[in-house]
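Visitor: Just dropping this structure here.
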Amino acid sequence: PKIKEAREVMNILHEIATMLNTNLDRETLSLCISLCENGVNPEALAAMIKELKRESAAQATESESNR
């Protein structure tokens, strides 16, 4: 029952994340939740994820322009 409940909660959280256009897959979302449960500041985590996405997009753009 607990595993089923946890899966249900994860499905709901993933659905919310999808509606908010976070572009986080289930595994990444699960890791973020685990980090927050273990004391990581959610706002700092969100800022870090945004920064990593920005850097990744910039590298992709740079890579395409070097072709």
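All of the numbers you see were taken from the coordinates with simple rules; none came from a lab. Just so it is clear, the structure is predicted and the values come from calculations on it, not from any experiment. Virtual Cβ from ideal backbone geometry, glycine too; neighbours counted across all protein chains shown.
Visitor: Can you say whether V9 is surrounded by 10 or more Cβ atoms within 10 Å (Cβ to Cβ), outside any helix (DSSP H, G or I) and free of Cβ contacts under 8 Å to residues at least 12 places away in the same chain, as far as the supplied structure shows?
Guide: So V9 does not fit the description; no.
Visitor: Yes or no: the range 13-32 includes at least one residue that is among the aliphatic types (A, V, I, L, M) and surrounded by fewer than 10 Cβ atoms within 10 Å (Cβ to Cβ).
Guide: Yes, the range 13-32 contains at least one residue that is among the aliphatic types (A, V, I, L, M) and surrounded by fewer than 10 Cβ atoms within 10 Å (Cβ to Cβ).
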